[in-house]
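First up is the structure itself, then whatever we jot down about it.
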Amino acid sequence: MSSAPAPAVSNVNVPNALTLLRVLMVPVFGWMLLAHPDEAGWRVASTVVFVLAIATDSLDGYLARRHDLITSFGKLADPIADKALTGMAFVGLSIIGELWWWVTVVILLREWGITVMRFVVLRYGVMAASRGGKLKTVLQAVALVLYLLPLSGWPDVVSVVAMVAALVVTVVTGVDYVLAAVRLRRQGRTA
């Protein structure tokens, strides 16, 4: 006697709602940052919105795994929401002259390139997030928060060091993901 297949998880759940909330927070955060870039109160407020939005990423993942609410929608929408939020932060900081454009371009090319590559190699297998990828995400979040806050003096030096670390880890993990994708594709062809 075979057991019945597990029922499909509904896309209407708390983790997916948190992902959608993060997407909705992107334009709010972007407007707050770009409309008032030189006002300390607005910079702190936009940083708070960014921190709340980025916190939903950890929370939605935790809830989805803990309560077995992982959905195809969540697997697709979650990384897109993450890239939209951090992308808005990088681009916004470059627009207001706080971050060099070349840093933003390098990081966004890596982020979106790896996301596209993951979809391309999906037929050969799933590329899970590595420890380095998770470290990259944390370093980017910390660096972005430091850049978003209206800091000056020695904290500004800490911001630069954090961004350099985020940039280096972003590039190194990007190369690592490309090598993993090549290995995955070769294994898929020989299997």
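The values are calculated or read from the model by the stated rules, or taken from the named source; none is laboratory data. This is a predicted model, so every value here is computed, not measured. So basically every Cβ, Gly included, is an ideal-geometry build from the backbone, and we count neighbours across all protein chains shown. These accessible areas exclude ligands, DNA and RNA; they are computed on the full protein's heavy atoms, side chains included. Shrake-Rupley method; radii C 1.70, N 1.55, O 1.52, S 1.80 Å.
All conditions in (1) open to solvent by 70 Å² or more (accessible area, probe 1.4 Å); (2) over 15 Å from the mean Cα position of the chain (by Cα); (3) β-branched (Val, Ile, Thr); (4) more than 19 Å from residue 44 (Cα to Cα) hold for residue 178, with the sole exception of (1).
The condition of being over 20 Å from residue 109 (Cβ atoms), touching a residue at least 60 places away in the same chain (Cβ under 8 Å), among the β-branched types (Val, Ile, Thr) and open to solvent by 20 Å² or more (accessible area, probe 1.4 Å) holds for only one of 138, 145, that being 145. Being of a type in the set (A, V, I, L, M) and more than 13 Å from the chain's Cα centre (by Cα) is the filter; apply it to region 118-142 and report the residue that is farthest from residue 186 (Cα to Cα). Applying the filter and picking the extreme gives 128. Those residues that are among the β-branched types (Val, Ile, Thr) and in a helix (DSSP H, G or I), I need them from region 123-151; list them, please. If the condition is that a residue be among the β-branched types (Val, Ile, Thr) and in a helix (DSSP H, G or I), then 137, 138, 142, 145 are the ones that fit. For region 88-118, residues that are farther than 20 Å from residue 54 by Cβ and assigned to a helix (DSSP H, G or I) total 9. Go through region 156-170 and give me each residue that's at pLDDT below 95 and open to solvent by 80 Å² or more (accessible area, probe 1.4 Å). Passing the criteria: only 157.
All conditions but one from (1) modelled with pLDDT under 95; (2) part of a helix (DSSP H, G or I); (3) out of contact with any helix residue (DSSP H, G or I) (no Cβ under 6 Å at 6 or more places or on another chain) apply to residue 52; the one that does not is (1).
Against the definition (in contact (Cβ under 8 Å) with a residue 12 or more places away in the chain, touching a His at 6+ places or on another chain (Cβ under 8 Å), of a type in the set (Lys, Arg) and open to solvent by less than 70 Å² (accessible area, probe 1.4 Å)), how does residue 43 come out, yes or no? When the stated conditions are applied, residue 43 passes them.
None of 113, 153 is free of Cβ contacts under 8 Å to residues at least 40 places away in the same chain, open to solvent by 30 Å² or more (accessible area, probe 1.4 Å) and not hydrophobic (A, V, I, L, M, F, W, C) except 153.
For region 9-54, give me each residue that is among the small types (Gly, Ala, Ser) and within 16 Å of residue 87 (Cα to Cα). Reasoning before the result, please.
Keep residues of region 9-54 that are among the small types (Gly, Ala, Ser), which gives 10, 17, 30, 35, 40-41, 45-46, 53.
Of everything in region 9-54, those that are among the small types (Gly, Ala, Ser) and within 16 Å of residue 87 (Cα to Cα) turn out to be 30, 46, 53.
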